[in-house]
Every structure is written in structure tokens, then in C-alpha cells.
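Beneath this line is the structure, given in C-alpha cells, with notes to follow.
The values are calculated or read from the model by the stated rules, or taken from the named source; none is laboratory data. The structure displayed is predicted, hence computed values, not measured ones. So basically every Cβ, Gly included, is an ideal-geometry build from the backbone, and we count neighbours across all protein chains shown.
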Amino acid sequence: MTDSVVHYRLEGEIGVVTINYPPVNALGQGVREGLLACLAQGEADGAAKALVVMAEGRTFPAGADIREFGKPPAGPALPDVIAAYERSEKVIIAAIHGTALGGGLEVALGCDYRVALASAQVGLPEVKLGLLPGAGGTQRLPRLIGAEQALPLIVSGNPVKAPAALKLGILDAVLDGDLLQGALEFARAKVAENAPRRPLCDASVAAVSDTLFSDFEQSIAHRQRGFKAPFACIEAVKAAAELPFAQGLEKERELFLGLMASTESKAQRHVFFAEREVAKVPGLDAKTTQREVRSVGIIGAGTMGGGIAMNFLNAGIPVTLLEVKDEFLSRGVAVIRANYEATAKKGRLTSEQVEQRMALLTPSLSYDDLAQVDVVIEAVFENMDIKKSVFETLDKVCKPGAILATNTSTLDVNEIANVTQRPQDVIGLHFFSPANVMKLLEIVRGEATADDVIATTMALARRIGKVGVLVGVCHGFVGNRMLHRRQAEAMALVKQGASPQAVDKVLFDLGFPMGPFATSDLAGLDVGYRIREEIRKDDPSKAPRTWMDDLVEKGRCGQKTQAGVFDYEKGNRTPVPSADVDAIIAAYRATEGVTPRAVSEDEILERCMYVMVNEGAKILEEGIAMRALDIDVIWIYGYGFPVYRGGVMFWADTVGLDKIYARICELYQQTGEEHWRPSAYLKELVDAGRGFHH
Ligand code: T1G
């Protein structure tokens with residue numbers, strides 16, 4: 001008999017059902033079975049006047065066991081377990097600690113009362129997995145707190161802290177001290193006052209305004225563009241308001257099964273696990289020691305340096321911020337303070353939190369101030385000579401064992417490491433702009449980088465709220481190497497006849513927050529122009545002039561000049577196609593001897609996306625990324641790839657690698673261009689009838 005993961009015992013006159021299924025007491029098959037068995041024990045126990053349901057370990061159940069999804073369903077089904085608790089003759093109290101999420105909260109809603117520790121949180125995050133609460137949550141929560149209050153919780157999927165949950169009416173009491181003792185006391189009081197059972201299935205949803213659901217749907221339409229689950233959540237809550245409980249449950253089930261089978265949910269569930277998998281480095285022993293990080297030095301107080309500094313200040317880690325000139329340093333510090341004050345104005349920081357952060361920041365004009373820091377991150381101009389001289393100095397100044405990191409976005413980390421006597425301590429920490437906002441951190445391991453440096457920086461990424469992904473050294477590492485391919489293809493499409501707005505529309509419709517040209521306008525066209533001019537100084541053929549250079553030389557630098565590839569009205573970030581730009585492109589085509597042709601949306605999508613899939617496959621072949629899921633996570637957290645498509649490589653699997661491979665071979669045949677040379681790994685997968693993820 002396998003040791004049950006749910007136990008029953010009598011505490012005085014109260015029966016206690018306790019779940020013990022690490023790590024998060026997920027409601028797997030064994031737990032569901034155990035809950036029914038222990039309910040039967042409690043109901044048969046004459047000495048038990050009421051029952052308490054709780055869990056050991058970190059948390060009350062954090063949801064259904066998502067590792068079971070996609071496998072043949074094994075009974076008992078969670079809705080049936082919850083119904084059994086709801087139908088019980090005995091009063092049942094859920095005692096919550098940790099995070100009662102999804103099915104966990106749904107189990108608690110099947111109980112008559114709910115109490116929780118003040119530190120607990122409750123929520124229905126299913127929508128983040130492309131699902132909806134599928135065990136009665138969309139029907140019981142509106143009956144408990146009303147549809148108007150239930151809607152935002154279910155559609156956002158965000159948890160609420162215990163005190164707020166008490167105010168909403170989800171909880172009946174918030175306890176201090178020992179949960180079990182508090183729950184037993186609460187249960188005894190309910191027994192003493194002969195408190196009634198409160199099955200939510202017998203309640204009805206309080207009347208709502210006629211336009212509640214349509215108004216709410218309108219309010220999320222923009223942000224939830226392309227997602228399915230949020231709109232299904234609204235439909236389910238609407239059913240709760242309009243149908244009897246049993247029929248509402250049926251509607252919820254129908255919607256849930258539809259979502260479960262959807263590509264969108266499979267993609268979002270893939271991302272849920274992938275963003276946790278990336279932290280696990282194959283071959284790096286989980287017990288690898290880490291170096292202590294108590295303080296950080298950052299070189300460069302510009303946009304990147306300042307943004308990087310904020311991540312550490314937010315995590316309570318002291319930062320020494322070094323610049324070469326006082327004027328740059330003061331401006332950098334002022335920008336950091338201004339960012340915090342803007343956040344405080346939105347109510348997301350208190351003024352004392354702003355001061356706490358600023359107190360951890362030490363501006364400096366001398367490398368000597370970095371002598372004792374544990375990690376240094378340089379964020380100076382993207383020029384190899386400058387970076388080398390910075391690392392030569394760091395090598396002399398920093399204490400032994402200090403980790404020396406470069407924020408370069410494309411340069412060779414090995415070349416930088418080799419100017420020091422300690423290449424094993426050198427690593428790349430590639431932040432994405434704006435560095436205090438974007439969650440992705442590409443962690444670039446050099447040939448000599450030591451394992452404990454990798455382990456330390458991967459842990460540090462989590463500590464500052466980043467999703468750290470380990471990558472190897474090549475031009476552009478993983479994200480930018482694929483991005484450069486897409487940008488080059490987008491430029492080629494425009495040269496051949498597509499308009500910039502047509503290219504942007506295709507990628508916007510796929511789900512990117514904006515297309516490649518609107519993105520360039522946001523970043524500033526002059527950024528790329530300066531890099532190309534640098535390259536052209538050595539060898540013009542390496543960066544041939546394009547219509548983009550003409551734009552910059554005419555002062556069209558993007559949003560910041562209200563004119564770039566597109567026009568922008570003052571104070572408005574909406575890109576407007578420009579006749580001037582069309583003329584510049586036409587003139588460019590003429591000088592290149594190109595007669596423009598019609599370019600279909602399919603061709604735009606295939607060429608912009610398949611070139612990235614092919615590059616991603618080559619990146620895997622070369623070992624620059626460890627797994628396809630690492631590339632997926634990079635594109636979702638670094639470039640806003642739609643999470644409901646799972647990442648570039650997951651999306652490729654849904655399109656079909658055979659179809660993609662055939663098109664790549666065609667394009668290689670037509671153009672002979674290196675970036676269309678089919679990846680050998682991609683061919684191997686296609687020949688084996690596999691995808692990147694299976
Ligand atoms: N099922 C299975 N494993 C889970 C899990 C779950 N629900 N939640 C977490 N894990 C694993 C996770 O993969 C990791 O494993 C370990 O636990 C620690 O997680 C019917 C259908 C609870 C806030 O969406 O939000 O209920 O990597 O690293 O940062 O309506 O996990 O160690 O092997 O994230 O402290 C709804 C998902 C499910 C909650 C803890 N519930 N989990 O965060 O640790 S659908 C959720 C979380 C559902 C019902 C529907 C977080 C956490 P490993 P972790 P953490």
C-alpha cells in the first residue's frame with residue numbers, strides 16, 4: 001500500500017484532514033483519492049463534530065497537478081471531490097497557508113468556511129496557463145463574492161493577500177500564530193454556535209448590471225489580444241450569473257476542456273515549465289557552491305548602467321556606480337531617482353522605499369571603490385577596445401574571487417576575458433533594455449568561466465527578479481543573433497517591394513507587441529546607424545548603405561524625433577506610414593536597380609519567422625543554447641513573443657518542421673544565401689518525424 005499523501009486524525013472533537021504531497025501539495029490523483037478517503041473517515045467518526053482540511057509543507061494545495069495535463073484523466077475528478085466535501089453533513093473548514101491557488105482555492109470553496117494565516121495568498125491563476133478554473137471556481141466564487149468582484153480575480157489570475165481576501169469575503173478569518181490551533185479554535189466555535197453549513201452550490205449570484213460582462217470584455221480586449229482563456233473566463237462567470245449551478249458547472253466544463261485542448265494553453269503550460277527548466281543547467285551539479293554576493297559595482301551610469309543598478313537596489317543589494325565624469329555620474333543618479341519617483345507617483349513604491357533604494361547607491365569616480373565588491377558589471381559603450389581596457393583595470397583593482405561581468409550585447413566574451421589573469425571569473429550578463437523592466441537576462445558563459453561563477457550568476461538572476469538563461473559565445477549570443485536575421489529579412493522584403501507597415505502588420509498579427517520597424521523607431525534608428533558607421537570605417541562592404549541610413553541622415557531617428565520609419569504625432573506613439581519614407585525607399589530601390597513586386601503576407605511571415613527557426617536550430621547545433629526551451633524563454637521574456645504561442649521553437653513545432661524545412665530549402669535554392677542554408681539539426685528532426693520539443 002503506497003503511503004497515502006492525505007491523512008486523517010481526531011483533534012479533540014474536530015477531525016483534521018492533512019495533505020502532504022511536496023513540493024506544493026498539488027492535487028494529483030493520489031491526493032484526490034486521499035481526500036475522498038479521509039472525508040469518509042471524518043464523516044464516519046462520530047467523535048468529530050466538524051472537519052478541518054489543511055496541508056503540511058510550504059502551502060495549501062497550489063492547484064491541480066499540471067504535470068498530469070495532457071495525460072489520460074485518472075479518477076477521482078477534482079470537481080467530484082469538491083462536490084463530496086460540499087455535500088458533507090459536517091461543517092468543514094479550510095485552513096490555508098502559503099498560496100492556495102487554482103484547484104487549491106476551489107477545494108477551499110467547496111468547504112463551508114475558510115481561514116488563513118495573514119501571510120497566505122489565494123487566487124485562481126488558471127488563465128495564466130491558458131485555462132480557466134475547471135473545478136467549480138467560476139461558479140462558486142461569484143456566488144461567494146459577487147460576479148463584479150470575481151471577474152477581475154479570475155480573468156487576471158493574480159493572487160490576493162489574506163487581508164484583502166478577508167475584505168472580499170473569500171476568507172472568514174485571518175489568523176496569527178499557529179494555523180492548526182487557530183483553525184481548531186475557529187471550528188470549535190462554529191460547533192458551539194451550531195453554525196450552519198454553507199454549500200455555495202445552493203447560493204445564487206447577486207444581481208449584476210446588464211452590461212457588466214460586455215464592458216469587462218471591452219476593457220481587456222487590447223491587452224489580451226490573441227489570448228483565448230480570458231474571454232472564456234468571462235463567459236463562464238456570465239453562466240454563473242445566468243444559469244442554475246449544475247448547468248453553470250456544465251458550461252464551465254465545456255469551456256475548460258476546449259481550452260485544455262487548445263494550442264494556446266499547451267503553449268502557456270510549456271512556458272510555465274520552461275521558465276523553471278532554464279534555471280537547471282545540465283552538467284552543473286545542483287550542489288555547486290556559489291560565491292556570496294553582498295555588493296555590486298556597475299561601470300557606466302547611462303541608460304543601461306542605471307537600469308541595471310535599479311535591479312540590484314530593488315533587491316536590497318548595495319551598488320557602487322562608477323562613471324568617468326562627474327556630470328555623467330550625477331545625471332545617471334538623477335535618472336535613477338526620477339524613475340523611482342515616477343513609480344512612487346503611480347503608488348507602486350512609497351517614498352521611504354525610494355529613499356531606502358537610493359541609500360544603497362554609492363556614486364563613484366574611482367575604480368578603487370570597486371576593490372571589495374563581489375560582482376562588477378560593466379555597461380560602457382559597445383566597443384571592444386573600451387571594454388578591454390575596463391577589464392584590464394578591473395583585473396588590477398578587484399579582489400580575488402570577484403565576478404567580472406560584461407553587459408555586451410554582441411561582443412566576444414572570451415576576447416574580453418582573455419585580457420585578464422582571471423578568465424574563470426569573467427562572464428557575460430546581457431540585460432535587455434529597459435534593463436529595470438525586461439525580465440530576460442542572457443548569462444553568457446565564456447570558455448574559461450568557472451562553474452561556481454555560472455551557479456552564482458544564475459542564482460543572482462533569480463534574486464533580482466530576472467529569468468536567467470545560460471547561453472554560449474557567438475555574435476549576438478541567442479536572442480540578438482536570431483533578431484538580426486529577422487531584421488535583415490525584413491529589410492530585404494522592403495527592398496523587394498513590401499512596405500514597412502505591411503511587414504509590421506504581419507508580425508503584430510502573429511502576436512508581437514509591435515513589428516520590426518516600429519520597434520526600431522522605439523529603440524532609435526541612430527543607434528544602429530552609429531554601429532554601421534563604425535563598421536563602415538573599416539570595411540564599407542560589411543555594412544552596405546540602406547534607406548535606413550538615409551532616414552537617419554535626414555533626421556528621422558524614430559519616436560524621439562517624431563519621425564523615423566513612421567511618423568508620430570506629438571505625445572502619440574502610434575506609428576503612421578509616411579509618404580516621405582515611401583519616396584526614400586523607392587529612390588533606394590531605383591539606385592539598387594530593383595523593380596518592386598507584390599509581396600504576400602504569407603511570404604513575409606515565412607521569411608521573417610522561418611529564418612529565425614533555422615538560426616535557432618543552428619544555435620542548438622553549435623551548443624550556443626542548451627535546449628529549444630531556452631530559446632523559447634529568451635524570445636518570450638526578451639522580445640515579447642506571444643506566450644500563447646509558446647516561443648519561437650514551440651511555435652515552429654505547431655506549424656510543422658517538415659513544412660518549415662521544405663520552405664527553407666526552397667529559399668536556399670532561390671537565393672543561395674547562407675542564412676537560408678538549412679540547419680542539419682533541423683533536417684535530422686524532420687527525417688526523424690520529430691519536433692524541437694518531442
Ligand atoms: N502542479 C505541479 N507542479 C507544480 C505546480 C502545480 N500546480 N506548481 C508548482 N509546481 C512545481 C514547480 O514545477 C516546481 O517544480 C516546484 O513546484 C516549485 O515551484 C482544476 C486546472 C505555487 C506560486 O497555476 O504559481 O488548478 O522545478 O519553482 O517560485 O481549476 O509554483 O522544483 O521540480 O514555481 O515558490 C493552477 C502554479 C493549476 C500555480 C510556487 N495553479 N504554481 O512558486 O516555486 S491549474 C497554478 C505557481 C488548476 C483547476 C486548474 C508557483 C507557486 P521543480 P516554483 P515558487
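How many of the residues making up the stretch 247-268 are more than 14 Å from the ligand (Cβ to nearest atom) and in contact (Cβ under 8 Å) with a residue 40 or more places away in the chain?
Quick first cut of the stretch 247-268, residues more than 14 Å from the ligand (Cβ to nearest atom) only: 247-248, 250-251, 254, 263-264, 267.
Next, only the ones that are in contact (Cβ under 8 Å) with a residue 40 or more places away in the chain stay: 248, 263-264, 267.
Number of matching residues: 4.
Residue by residue through the stretch 253-278, note down the ones that are surrounded by fewer than 16 Cβ atoms within 10 Å (Cβ to Cβ), under 18 Å from the mean Cα position of the chain (by Cα) and in a loop (DSSP other than H, G, I, E, B).
Of everything in the stretch 253-278, nothing turns out to be surrounded by fewer than 16 Cβ atoms within 10 Å (Cβ to Cβ), under 18 Å from the mean Cα position of the chain (by Cα) and in a loop (DSSP other than H, G, I, E, B).
Of the residues that sit in the stretch 78-114 and are aliphatic (A, V, I, L, M) and over 14 Å from I170 (Cα atoms), which one is farthest from the ligand (Cβ to nearest atom)?
Narrowing the stretch 78-114 to residues aliphatic (A, V, I, L, M): 78, 81-84, 91-96, 100-101, 105, 107-109.
Of the ones still in play, those that are also over 14 Å from I170 (Cα atoms) are 78, 81-84, 91-92.
Working: L78: 5, V81: 11, I82: 9, A83: 13, A84: 15, V91: 24, I92: 19 Å.
Within the stretch 78-114, the match that is farthest from the ligand (Cβ to nearest atom) is V91.
What pairs come up if the first residue lies in the stretch 100-111 and is under 13 Å from T138 (Cβ atoms), the second is more than 10 Å from the ligand (Cβ to nearest atom), and their beta carbons are under 6 Å apart, counting only those six or more places apart or on different chains?
These pairs meet every condition: L105/V122; L109/R140.
For the stretch 243-272, which residues satisfy the criterion of being among the hydrophobic types (A, V, I, L, M, F, W, C) and touching a Lys or Arg at 6+ places or on another chain (Cβ under 6 Å)?
Scanning the stretch 243-272 gives a single hit, A267.
Considering the stretch 506-530 alone, what residues qualify as being under 23 Å from the mean Cα position of the chain (by Cα) and closer than 19 Å to R545 by Cα?
Result: P516, S520.
Could we say that R486 is touching a residue at least 12 places away in the same chain (Cβ under 8 Å), part of a helix (DSSP H, G or I), out of contact with any Ser or Thr (no Cβ under 8 Å at 6 or more places or on another chain) and surrounded by fewer than 19 Cβ atoms within 10 Å (Cβ to Cβ) here? Write out each step before concluding.
Values: touching a residue at least 12 places away in the same chain (Cβ under 8 Å): yes; part of a helix (DSSP H, G or I): yes; out of contact with any Ser or Thr (no Cβ under 8 Å at 6 or more places or on another chain): yes; surrounded by fewer than 19 Cβ atoms within 10 Å (Cβ to Cβ): no.
For R486, the condition - touching a residue at least 12 places away in the same chain (Cβ under 8 Å), part of a helix (DSSP H, G or I), out of contact with any Ser or Thr (no Cβ under 8 Å at 6 or more places or on another chain) and surrounded by fewer than 19 Cβ atoms within 10 Å (Cβ to Cβ) - is not met.
Just to be sure I understand, how many residues within the stretch 405-461 are part of a loop (DSSP other than H, G, I, E, B) and of a type in the set (F, W, Y)? Even if it seems obvious, please write down each step before you answer.
We begin by selecting, within the stretch 405-461, every residue part of a loop (DSSP other than H, G, I, E, B); these are 407-412, 418-422, 432-439, 446-450.
Now narrow it down to the ones that are of a type in the set (F, W, Y): 432.
Of the residues in that region, 1 qualify.
Select from the stretch 47-81 the residues that are in a loop (DSSP other than H, G, I, E, B) and among the aliphatic types (A, V, I, L, M) and list them in ascending order. Spell out how you get there, then give the answer.
Pass one, the stretch 47-81, residues in a loop (DSSP other than H, G, I, E, B): 47-49, 56-65, 69-77.
Listed by number, the residues that qualify are A47, A48, A62, A64, A74, A77.
If a residue counts only when it is within 14 Å of the ligand (Cβ to nearest atom) and either modelled with pLDDT of 95 or more or among the charged types (D, E, K, R) (or both), which helices (runs of 4 or more DSSP H) contained entirely in the stretch 128-170 have at least 3 such residues?
Numbers: elements: 137-145, 147-156, 162-168.
Correct list: 137-145, 147-156.
If you check every pair at least six apart or on different chains, which have Cβ atoms under 7 Å apart with a residue in the stretch 269-289 that is under 14 Å from T456 (Cβ atoms) first and a residue that is surrounded by fewer than 18 Cβ atoms within 10 Å (Cβ to Cβ) second?
Matching pairs, first to second residue: A279/R462; L284/D451; T288/D451; T288/D452; T289/D452.
I'd like the full set of residues that are assigned to a helix (DSSP H, G or I) and either at pLDDT below 95 or touching a Phe, Trp or Tyr at 6+ places or on another chain (Cβ under 9 Å) (or both), limited to the stretch 356-367.
Start the filter on the stretch 356-367 by keeping residues that are assigned to a helix (DSSP H, G or I), which leaves 356-359, 367.
Hits for the stretch 356-367 are R357, M358.
So A37 clears everything in (1) more than 10 Å from the ligand (Cβ to nearest atom); (2) in a helix (DSSP H, G or I); (3) buried (at least 24 other Cβ atoms within 10 Å of the Cβ) except one condition, right? Which one?
It fails just one condition, (3).
Give the number of residues within the stretch 506-525 that are crowded, with 19+ Cβ neighbours inside 10 Å and in a helix (DSSP H, G or I).
Residues in the stretch 506-525 being crowded, with 19+ Cβ neighbours inside 10 Å and in a helix (DSSP H, G or I): 9 in total.
With respect to E275, is the statement that it is touching a Phe, Trp or Tyr at 6+ places or on another chain (Cβ under 6 Å) and not small (G, A, S) true?
On the way: touching a Phe, Trp or Tyr at 6+ places or on another chain (Cβ under 6 Å): no; not small (G, A, S): yes.
Considered against the rule, which asks whether it is touching a Phe, Trp or Tyr at 6+ places or on another chain (Cβ under 6 Å) and not small (G, A, S), E275 comes out as no.
Determine, yes or no, whether V376 is aliphatic (A, V, I, L, M) and either not assigned by TED's automatic domain parsing to the domain that holds A461 or not in a strand (DSSP E or B) (or both).
Values: aliphatic (A, V, I, L, M): yes; either not assigned by TED's automatic domain parsing to the domain that holds A461 or not in a strand (DSSP E or B) (or both): no.
No: the conditions fail for V376.
Going by the structure shown, is A334 away from the ligand (no atom under 15 Å from the Cβ), touching a Leu at 6+ places or on another chain (Cβ under 7 Å) and not acidic (D, E)? Give the derivation first.
Details: away from the ligand (no atom under 15 Å from the Cβ): yes; touching a Leu at 6+ places or on another chain (Cβ under 7 Å): no; not acidic (D, E): yes.
So A334 does not fit the description; no.
Restricting the search to the stretch 115-127, which residues are surrounded by fewer than 24 Cβ atoms within 10 Å (Cβ to Cβ), more than 6 Å from the ligand (Cβ to nearest atom) and not in a loop (DSSP other than H, G, I, E, B)? Spell out the reasoning first.
To start, the set of residues in the stretch 115-127 that are surrounded by fewer than 24 Cβ atoms within 10 Å (Cβ to Cβ) comprises 117-119, 121, 125.
The next check asks that each one be more than 6 Å from the ligand (Cβ to nearest atom); those that pass are 117-119, 121.
Selection gives L117, Q121.
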